Amino acid sequence: MRIIKFEIVTPERVVLKEEITQVTVPTKMGEITVLPNHIPLVSNLTPGVVHVKNKNGEDEIMSISGGFLEVLKD
């Protein structure tokens, strides 16, 4: 199973750092889901809900007030 090294970072601290299988985030262009091998991407995030699926198949749901998303190659 392919994984994504995922972090949520605020100016004060790292809120979440774990290996996941997918994440869905709200962007200015609509919701997007990032899966392993996704193309590199930078996007503005809008207030909304982030859905994370961890390696165990469990869902984690968080709310965000905005920010940006950066997807790096591998």
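Inside segment 52-69, residues that are open to solvent by 80 Å² or more (accessible area, probe 1.4 Å), of a type outside the set (A, V, I, L, M, F, W, C) and within 16 Å of V15 (Cα to Cα) make up a count of 2. Against the conditions (1) at pLDDT below 95; (2) open to solvent by 70 Å² or more (accessible area, probe 1.4 Å); (3) within 12 Å of the chain's Cα centre (by Cα), K28 satisfies every one except (3). Regarding segment 37-44, can at least one residue be identified that is open to solvent by less than 60 Å² (accessible area, probe 1.4 Å) and more than 23 Å from K73 (Cβ to Cβ)? No, there is no match, as no residue in segment 37-44 is open to solvent by less than 60 Å² (accessible area, probe 1.4 Å) and more than 23 Å from K73 (Cβ to Cβ). Residue count for segment 9-23 satisfying the condition of being closer than 13 Å to F68 by Cα and surrounded by 16 or more Cβ atoms within 10 Å (Cβ to Cβ): 0.
The values are calculated or read from the model by the stated rules, or taken from the named source; none is laboratory data. Predicted model only: the values in this text are computed from it and were never measured. Glycine also receives a Cβ, built like all others from the backbone with ideal geometry; neighbour counts cover every protein chain displayed. Please note that ligands, DNA and RNA were not included when accessible areas were found on the heavy atoms of the full protein model with its side chains. Shrake-Rupley method; radii C 1.70, N 1.55, O 1.52, S 1.80 Å.
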